[in-house]
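Peer 1: Submitted below is the structure of interest, expressed as structure tokens.
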Amino acid sequence: FMNEIAGLCERVGANVEQVRRGLGSDSRIGNSFLFAGTGFGGSCFPKDLAALLHLGESYDLDLRTVRATLEANRAQKRILLHKVRREFGEYLDGRVFAVWGLAFKPGTDDMREAPALDLIEGLLARGAAVRAADPAALGRAREIFADRIVLDADSYRILEGADGLLLVTEWNEYRFPDFERIRRLLRK
């Protein structure tokens with residue numbers, strides 16, 4: 001939901017943080033999970049929504065809101081790749097991208113249905129090289145990607161000479177980065 005709000009805000013020039021705070025001020029909603037991002041992942045929520053959709057279909061019910069949620073999430077997982085393609089072109093041969101955050105959420109090494117998976121596969125498919133860091137998920141990422149990407153625990157080291165930095169998971173470690181250091185390390 002907040003991802004759609006973020007898209008709308010971007011189009012009309014509104015501040016998504018103001019919208020998030022406004023929605024979150026309603027005690028029935030709260031603000032814990034109202035941060036716009038690259039989509040949701042994990043093992044529970046996507047699976048539960050798919051099961052609910054299937055259950056509805058078995059009773060000949062069209063659960064449009066559930067279907068729309070899953071479709072919006074699939075689209076949101078492609079948003080960063082779309083922005084990269086808009087900035088750098090369709091073919092990314094010779095480009096290097098740094099990714100901060102591989103787990104589907106902070107505080108875990110779980111990469112099931114993680115938005116970073118779709119992003120990295122999309123970058124690789126277009127010829128880019130990928131370097132990635134995550135406070136907890138590097139071991140799991142090695143199992144998934146093997147030697148197809150460079151993994152490093154040092155978030156800043158992977159930036160050296162990269163064309164861009166893509167922040168995928170909202171780890172606290174990434175909330176207040178050294179922007180001057182980032183600017184010096186990145187190629188663009």
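Peer 1: How about the stretch 133-168: which of its residues are more than 22 Å from PHE88 (Cβ to Cβ), under 18 Å from the mean Cα position of the chain (by Cα) and not hydrophobic (A, V, I, L, M, F, W, C)?
Peer 2: Passing the criteria: ASP134, PRO135, ARG140.
Peer 1: Output the residues belonging to the stretch 158-180 that are more than 19 Å from GLY37 (Cβ to Cβ) and either touching a Leu at 6+ places or on another chain (Cβ under 8 Å) or free of Cβ contacts under 8 Å to residues at least 12 places away in the same chain (or both).
Peer 2: Those that are more than 19 Å from GLY37 (Cβ to Cβ) and either touching a Leu at 6+ places or on another chain (Cβ under 8 Å) or free of Cβ contacts under 8 Å to residues at least 12 places away in the same chain (or both): LEU159, GLU160, GLY161, ALA162, ASP163, PHE179, GLU180.
Peer 1: For the stretch 53-69, which positions are hydrophobic (A, V, I, L, M, F, W, C) and surrounded by 15 or more Cβ atoms within 10 Å (Cβ to Cβ)?
Peer 2: LEU53, LEU63, VAL66
Peer 1: Let me ask something else about it. Just the residues that are within 30 Å of ALA162 (Cβ to Cβ) and either in contact with a helix residue (DSSP H, G or I) (Cβ under 6 Å, 6 or more places away or on another chain) or of a type in the set (Gly, Ala, Ser) (or both), please, taken from the stretch 46-94.
Peer 2: Scanning the stretch 46-94 gives ALA72, ALA75, GLN76, LYS77, LEU80, LEU81, GLY89, GLY94.
The numbers here are math on the coordinates, done by the rules we state, and not lab data. Note that the coordinates shown come from a computational prediction; the quantities given were computed from them, not determined experimentally. As a convention, Cβ positions derive from the backbone with ideal geometry for all residues, glycine included, and neighbour counts pool all protein chains shown.
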